[in-house]
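Chemist: Okay, handing you the structure first.
The values are calculated or read from the model by the stated rules, or taken from the named source; none is laboratory data. In this text, all values refer to a predicted model and were calculated from it rather than measured experimentally. Don't worry about glycine lacking a Cβ; one is built from the backbone with ideal geometry, like all the others, and counts go over all protein chains shown. Surface areas here come from the heavy atoms of the whole protein model, side chains and all, with no ligands, DNA or RNA. Shrake-Rupley method; radii C 1.70, N 1.55, O 1.52, S 1.80 Å.
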Amino acid sequence: MDKGTFPKTLRYGSLPDQEGELYLPSTPRPPVVCLLHGGFWRASYGRDQMDAIAADLAGRGFAVWNLGYRRVGVPDGGWPGTFDDVLAGIDRLTGFAADGIDLDLDRVVVSGHSAGGHLALWAAARERGEKSGERTGRCRISAVVGQAPVADLQRAFELRAGGSAVSELLGGTPTQRAERYRWASPRARLPLNVPQLLIHGTSDDVVPIEISRGYIQAARAAGDRAELVELPGAGHMEFLDPASPAHAVLCHWLTRIPRP
């Protein structure tokens, strides 16, 4: 395992939540994994959930950007601040490279758990239809991973996943905020045009696996390269344990991401 360096807390904006930890392995020009934590987009949950995963991935030779963002319960959290922060935080990787930090920005994977999985898939949607000339200052996402992701906001609202979490995020119901749901839901943004891995436990009683099954079917129908790994008997929180089978699936898939 690569011992690398201790993580550094770095900022991508002036607000308290606009920061993250960057983990750097000792290997030159490492591929990058950007982590997005879960917690139904609520301020009571933070990026420290991903600390153990971040350290493990860095030990495997990845640069890891454990990204924080504004959440429901802080000023301008939820719509639209949460979404703005995620894109700005991912794009900060281009600034790190410009500042001389050795990163392979041709291999950037965004991986998120639960609500973070939603945000990861959503962020990857901007790759659809962009031309190379439109990417000035932007970090191109090579692939995306959703771990028990809230991949369909309409269906998550109907199932009351997280109680009222989805309506809190978007400021209303699908009837009241139809345009926001179309804009913010990964399933409504398909195709993403990047490789996608979804991992979901069959016994998840927080975010039901039917959301991932429906999303994958729609992604494939839209022409995306999308894979769903179902974990028999697994629940919702195993993804935060580096010793879990869920994390092993993630690590194996990351080694298969080719250069574009």
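Chemist: Condition check: of a type in the set (Val, Ile, Thr), in a strand (DSSP E or B) and open to solvent by 40 Å² or more (accessible area, probe 1.4 Å). Does THR27 satisfy that?
Modeler: Values: of a type in the set (Val, Ile, Thr): yes; in a strand (DSSP E or B): no; open to solvent by 40 Å² or more (accessible area, probe 1.4 Å): yes.
Against the criterion (of a type in the set (Val, Ile, Thr), in a strand (DSSP E or B) and open to solvent by 40 Å² or more (accessible area, probe 1.4 Å)), THR27 does not qualify.
Chemist: State the number of residues belonging to segment 158-199 that are of a type in the set (S, T, N, Q), part of a loop (DSSP other than H, G, I, E, B) and touching a residue at least 40 places away in the same chain (Cβ under 8 Å).
Modeler: Filtering segment 158-199 for residues of a type in the set (S, T, N, Q) gives 164, 167, 173, 175-176, 185, 193, 196.
Right, trim to part of a loop (DSSP other than H, G, I, E, B) and you get 164, 173, 175-176, 185, 193.
Subsequent filtering for residues that are touching a residue at least 40 places away in the same chain (Cβ under 8 Å) retains 185, 193.
Adding up the residues that qualify gives 2.
Chemist: Filter segment 69-101 down to the residues that are β-branched (Val, Ile, Thr) and in contact with a strand residue (DSSP E or B) (Cβ under 6 Å, 6 or more places away or on another chain) and list them by number. If you could, list the steps in order and put the result at the bottom.
Modeler: Here is the first cut: in segment 69-101, the residues β-branched (Val, Ile, Thr) are 72, 74, 82, 86, 90, 94, 101.
Passing the criteria: VAL72, ILE90.
Chemist: Report the residue count in segment 92-128 for those that are closer than 23 Å to ALA188 by Cα, in contact with a Gly (Cβ under 9 Å, 6 or more places away or on another chain) and not in a strand (DSSP E or B).
Modeler: Residues meeting the conditions: 9.
Chemist: Would you mention how many residues in segment 62-91 are assigned to a loop (DSSP other than H, G, I, E, B) and hydrophobic (A, V, I, L, M, F, W, C)? Steps first, answer last, please.
Modeler: So in segment 62-91, the residues assigned to a loop (DSSP other than H, G, I, E, B) come out as 62, 68-71, 73, 75-80.
Add one more test, that the residue is hydrophobic (A, V, I, L, M, F, W, C), and what stays is 62, 79.
Residues meeting the conditions: 2.
Chemist: Turning to a different aspect of this structure: Scanning segment 87-123 for residues that are of a type in the set (S, T, N, Q) and within 11 Å of the chain's Cα centre (by Cα), which turns out surrounded by the most Cβ atoms within 10 Å (Cβ to Cβ)? Please lay out each step first, then the result.
Modeler: Let us first name the residues in segment 87-123 that are of a type in the set (S, T, N, Q), namely 94, 111, 114.
Within this subset, residues satisfying the condition of being within 11 Å of the chain's Cα centre (by Cα) are 111, 114.
Details: SER111: 27, SER114: 30.
Among them, the one singled out is SER114.
Chemist: Follow-up. Residues of segment 206-226 being assigned to a loop (DSSP other than H, G, I, E, B) and in contact with a His (Cβ under 7 Å, 6 or more places away or on another chain), which ones? Break it down stepwise before answering.
Modeler: Start the filter on segment 206-226 by keeping residues that are assigned to a loop (DSSP other than H, G, I, E, B), which leaves 206-208, 222-225.
Answer for segment 206-226, where residues must be assigned to a loop (DSSP other than H, G, I, E, B) and in contact with a His (Cβ under 7 Å, 6 or more places away or on another chain): VAL206, VAL207.
Chemist: I would also like to ask the following. Mind listing whichever residues of segment 30-51 are at negative phi, assigned to a loop (DSSP other than H, G, I, E, B) and in contact with a helix residue (DSSP H, G or I) (Cβ under 7 Å, 6 or more places away or on another chain)? Working first, answer last.
Modeler: Filtering segment 30-51 down to residues at negative phi leaves 30-38, 42-51.
Filter once more, keeping what is assigned to a loop (DSSP other than H, G, I, E, B): 30, 37-38, 43-46.
Hits for segment 30-51 are HIS37, GLY38.
Chemist: May I ask you to list pairs of residues, at least six apart or on different chains, whose Cβ atoms are under 7 Å apart, with the first in segment 8-33 being under 21 Å from GLY78 (Cβ atoms) and the second being buried (at least 16 other Cβ atoms within 10 Å of the Cβ) and of a type in the set (Val, Ile, Thr)?
Modeler: ASP17/VAL74
Chemist: Same structure again: Mind checking which residues of segment 11-23 are assigned to a loop (DSSP other than H, G, I, E, B) and either touching a His at 6+ places or on another chain (Cβ under 7 Å) or open to solvent by 40 Å² or more (accessible area, probe 1.4 Å) (or both)?
Modeler: We begin by selecting, within segment 11-23, every residue assigned to a loop (DSSP other than H, G, I, E, B); these are 12-18.
Passing the criteria: SER14, LEU15, PRO16.
Chemist: Further question: What pairs come out if I take residues in segment 93-109 that are within 20 Å of GLU127 (Cα to Cα) and acidic (Asp, Glu) and pair them with residues that are open to solvent by less than 20 Å² (accessible area, probe 1.4 Å) and assigned to a strand (DSSP E or B) whose C-beta lies under 9 Å away, six or more apart or interchain?
Modeler: ASP104/VAL32; ASP104/ALA63
Chemist: For residues that are of a type in the set (D, E, K, R) and open to solvent by less than 60 Å² (accessible area, probe 1.4 Å), scanning just segment 185-222, find the one that is nearest to the chain's Cα centre (by Cα).
Modeler: Keep residues of segment 185-222 that are of a type in the set (D, E, K, R), which gives 187, 189, 204-205, 210, 213, 220.
Those left that are additionally open to solvent by less than 60 Å² (accessible area, probe 1.4 Å): 189, 204.
Numbers: ARG189: 15, ASP204: 19 Å.
Filtering segment 185-222 for residues that are of a type in the set (D, E, K, R) and open to solvent by less than 60 Å² (accessible area, probe 1.4 Å), the one nearest to the chain's Cα centre (by Cα) comes out as ARG189.
Chemist: Still on this structure, I have one more. Filter segment 61-80 down to the residues that are among the β-branched types (Val, Ile, Thr) and open to solvent by 10 Å² or more (accessible area, probe 1.4 Å) and list them by number. Steps first, answer last, please.
Modeler: Within segment 61-80, the first condition is being among the β-branched types (Val, Ile, Thr), and the residues that meet it are 64, 72, 74.
Once the filter is applied, which keeps residues that are among the β-branched types (Val, Ile, Thr) and open to solvent by 10 Å² or more (accessible area, probe 1.4 Å), segment 61-80 yields VAL72, VAL74.
Chemist: Another one. Answer with yes or no whether ARG42 is surrounded by fewer than 22 Cβ atoms within 10 Å (Cβ to Cβ) and within 20 Å of ALA97 (Cα to Cα). Steps first, answer last, please.
Modeler: On the way: surrounded by fewer than 22 Cβ atoms within 10 Å (Cβ to Cβ): yes; within 20 Å of ALA97 (Cα to Cα): no.
Judged against the criteria, ARG42 is not a match.
Chemist: Also: Of the residues that sit in segment 113-142 and are under 27 Å from ARG71 (Cβ atoms) and of a type in the set (Lys, Arg), which one is modelled with the lowest pLDDT?
Modeler: By that ranking, first place goes to ARG128.
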